[in-house]
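Engineer: My questions all concern the structure below.
The values are calculated or read from the model by the stated rules, or taken from the named source; none is laboratory data. Everything quoted here is computed from the prediction, not taken from an experiment. Cβ atoms come from the backbone with ideal geometry, glycine included; neighbour counts cover every protein chain shown.
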Amino acid sequence: MAGALALLSRTSAPASTPFERWQLDDGRSVTLRAARGDDALRIQALVRSLSPRTRYLRFFNPLRELPPALLDAFTHAEPRHELTLVAYLDIEGQETLIGMGQYVSVDYPAQCEFALLVADGYHGQGLGSRLLRNLVCIAVEAGIETMEGELLDENLAMRHLAQANGFTLSRHPHEAYLLKAHKALAPPPWKCSQLAALASLPAR
Ligand SMILES: CC(C)(COP(=O)(O)OP(=O)(O)OC[C@H]1O[C@@H](n2cnc3c(N)ncnc32)[C@H](O)[C@@H]1OP(=O)(O)O)[C@@H](O)C(=O)NCCC(=O)NCCS
């Protein structure tokens, strides 16, 4: 995925974008929105904050920071090619990222590949599910036909999350330690939030 993302150029998301807001079990308010050009430092802070285990489950290697090309791709949205959602808490007036999810399509409209990340300490509160469901809604609206993801065989949370949202799992054709999640995209059974409107961001 990193290689594919590195090939893509970019367009900034507009300053005012749709969002979804809800409350965690502890009452704190979480907001989901599209990543913007000025999120680079926030995303690096999120990645730096991860435990080695979470970092490995997401990136399959122990990187401590995102390489510039990947960071650049994550902070520029164009729904036919790449889109990143970030989840943040407002902590003393600062947006502190606690999760992100993205898809990238290198052969629009046939397929896109997704990945999810929730910060340690916020697992199991429904954030991963919100991220994935919103990504599906946006990709459907953008006209993408299938969504896929690669996950470690040992990643029970991601296996459960993918299957609970209509993905089928199969062995990765080349890597024994990976599974592939696959879903033919169609209007989902869940209600899409206003984030689905991100699909109509202007094409490059
Ligand atoms: C995978 C990940 C994104 C899930 O996010 P999350 O916010 O913890 O997930 P949710 O709270 O939405 O839970 C989703 C479902 O998984 C289940 N789940 C959570 N942890 C689980 C585990 N260890 N084993 C089995 N099921 C688990 C939850 O019970 C929930 O099921 P339900 O909806 O039927 O109740 C998160 O754990 C994470 O960031 N992990 C590290 C990075 C990673 O693995 N990324 C995926 C690579 S694509």
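Engineer: From the list Leu97, Leu85, Leu66, pick out the single residue that is over 13 Å from the mean Cα position of the chain (by Cα) and either touching a residue at least 12 places away in the same chain (Cβ under 8 Å) or under 30 Å from Ala184 (Cβ atoms) (or both). Step through it out loud before you land on a result.
Structural biologist: On the way: Leu97 fails: over 13 Å from the mean Cα position of the chain (by Cα); Leu85 fails: over 13 Å from the mean Cα position of the chain (by Cα).
Of Leu97, Leu85, Leu66, the one residue that is over 13 Å from the mean Cα position of the chain (by Cα) and either touching a residue at least 12 places away in the same chain (Cβ under 8 Å) or under 30 Å from Ala184 (Cβ atoms) (or both) is Leu66.
Engineer: State the number of residues belonging to segment 103-129 that are within 14 Å of the ligand (Cβ to nearest atom) and touching an Asp or Glu at 6+ places or on another chain (Cβ under 7 Å).
Structural biologist: The number of residues fulfilling the criteria is 4.
Engineer: Just one of the numbered conditions (1) at pLDDT 95 or above; (2) of a type in the set (A, V, I, L, M); (3) under 22 Å from Arg55 (Cβ atoms) is not true of Ala176; which one?
Structural biologist: Condition (1) is where Ala176 drops out.
Engineer: Still on this structure: Collect the residues in segment 149-184 that are out of contact with any Gly (no Cβ under 9 Å at 6 or more places or on another chain) and either in a helix (DSSP H, G or I) or under 27 Å from Arg21 (Cβ atoms) (or both), keeping them in residue-number order.
Structural biologist: Correct list: Gly149, Leu156, Arg159, His160, Gln163, Ala164, Asn165, Gly166.
Engineer: Follow-up question, since we're still on this one. For Phe74, are the conditions met, namely being touching an Asp or Glu at 6+ places or on another chain (Cβ under 8 Å), within 12 Å of the ligand (Cβ to nearest atom) and closer than 26 Å to Leu41 by Cα?
Structural biologist: On the way: touching an Asp or Glu at 6+ places or on another chain (Cβ under 8 Å): yes; within 12 Å of the ligand (Cβ to nearest atom): no; closer than 26 Å to Leu41 by Cα: yes.
When the stated conditions are applied, Phe74 does not pass them.
Engineer: Same structure again: Identify, from the list Ile138, Ile144, Ile98, the residue that is more than 13 Å from the ligand (Cβ to nearest atom), outside any helix (DSSP H, G or I), surrounded by 15 or more Cβ atoms within 10 Å (Cβ to Cβ) and modelled with pLDDT of 95 or more.
Structural biologist: Details: Ile138 fails: outside any helix (DSSP H, G or I); Ile98 fails: more than 13 Å from the ligand (Cβ to nearest atom).
Result of the check over Ile138, Ile144, Ile98: Ile144.
Engineer: Quick one: which of Leu46, Leu71 is buried (at least 16 other Cβ atoms within 10 Å of the Cβ), at pLDDT 95 or above and on the phi < 0 side of the Ramachandran plot? Steps first, please.
Structural biologist: Working: Leu71 fails: at pLDDT 95 or above.
The unique qualifying residue is Leu46.
Engineer: Every residue in segment 36-90 that is among the charged types (D, E, K, R), part of a helix (DSSP H, G or I) and more than 22 Å from Leu127 (Cα to Cα), please.
Structural biologist: We begin by selecting, within segment 36-90, every residue among the charged types (D, E, K, R); these are 36, 38-39, 42, 48, 53, 55, 58, 64-65, 72, 78, 80, 82, 90.
Narrowing further to those that are part of a helix (DSSP H, G or I): 38-39, 42, 48, 53, 55, 58, 72.
Residues satisfying the conditions are Asp38, Asp72.
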